[in-house]
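Take a look at the structure below.
Every number here is computed from the coordinates shown, using simple stated rules; none is lab data. Remember, predicted model here, so these are calculated numbers, not experimental data. Reconstructed Cβ throughout: ideal geometry from the backbone, glycine too, with neighbour counts over all protein chains shown.
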Amino acid sequence: MMSRDTSTPNDRKIGQSISRRRLLACSGTALLSGVAGCLGTNTARNGTESPTGSPSPPIDSVFEEIEFVGPNLVVTLAEDHDVDRLNLISPDGGTFEQVTVTEGVTTAEFQILYKSGGSYDTGNYELVAVRGESSDTMSVELRPEISVVDVEPDVDVDDQNSTGRLFVTVENTGTGPTWVYNIGFRNAPYSNAPEVIEGDGVADTRFERPQDPQQEFLQPNTEQRFLKGRGVLIISDDDSISCEGGSIELTVVVQTPHGDIEQPIRADLSGGYHVDDQAAVQHPCENADIELLSGGSNNA
């Protein structure tokens, strides 16, 4: 088996609420002890990007495959390798993580995303396979590029009317994975809509969809639909907006350890109230047509 030379726990639970500052305080690169592997070095030939977004190892190197699975960077070595240790070197030259390789084992995992802080910084990393007095090296770019590609209303399975909640589809077109830890809304008509975590603020970060928390990790060249449990487009008779041809502009904010992505949208409402609870003061409208607007910001 392969043993890690770090004490970082691999399983960290998602709380029901989370402080943004507490989450991001540890999100810089963790400089762990270890040797960079710069002893005698074979001629370095940088890998290229594969169509799936995973780095393609150099030809004839000890590296067979590099891929991302959940929060991990997974390295597959050649069957006949004589590698003693793998080092992942951060952009500033420090050792981000180190794995000891046991004879006969060909797969190693580096955890690079953590749900309680300590996730990797974006940039160009070096993967070093140490073999006695020599080593093989390949470059691995870890740089997620996140965008909102679709927002659509959640609909009631019985009457096919809007529930007031919104599905948000997020795409990663970059070269590194990231974690969507929260999606909030600004200028939502509903006072109890999912919140954006600001500074020391705390918000409910749970998702109704996806149900599997592992799917909150967004790999390169993939997209995922997210749904929070609370409504967004829910209004009352006292609101200035109407369910009879009214419209409102609001902002979707996707929050990751690598920055926030803001996407303004316009919701055109029609059909009158979708009254599923006669005692409620506020209700969703029957129909909601969503349009993505220009002018969003990307701090990732």
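List of remarks:
- Within region 72-107: backbone nitrogen closer than 13 Å to the Glu65 label point (7 Å, Cα to C-beta): 74-79, 106-107
- Per DSSP, loop GluC sites (Glu not before Pro) in region 229-300 with at most 14 further Cβ within 10 Å: Glu244
- Loop-located GluC sites (Glu not before Pro) in region 97-127, at most 12 other Cβ atoms within 10 Å (DSSP): Glu103
- Amide H to amide H distances under 5 Å link Asp156 with Asn161, Ser162, Thr163, where only residues 5 or more positions off or on other chains count and H is placed in the peptide plane.
- Across the alpha-carbon set of region 86-139, the Rg to Rh ratio works out to 0.99, Rh being the Kirkwood radius.
- Kirkwood estimate for region 62-183, i.e. one over the average of 1/r between Cα atoms, Å: 16.8 Å
- Those residues of region 103-133 whose amide nitrogen sits under 18 Å from the label point placed on Arg143, 7 Å along Cα→Cβ: 120-127
- Restricting region 184-280 to chymotrypsin sites (Phe, Trp or Tyr not before Pro) in coil, as DSSP defines it, with at most 15 other Cβ within 10 Å: none
- Inter-part distance where region 74-113 and region 222-258 are each reduced to a Cα centre, Å: 43 Å
- Under 13 Å from a label point set 7 Å out along the Cα-to-Cβ vector of Asn221, the amide N atoms of region 140-182 belong to 172-176.
- For region 144-300, a Kirkwood hydrodynamic radius built from all Cα pairs, placed in the Stokes-Einstein relation at 25 °C and 0.890 mPa s, yields a translational diffusion coefficient of 154 µm²/s.
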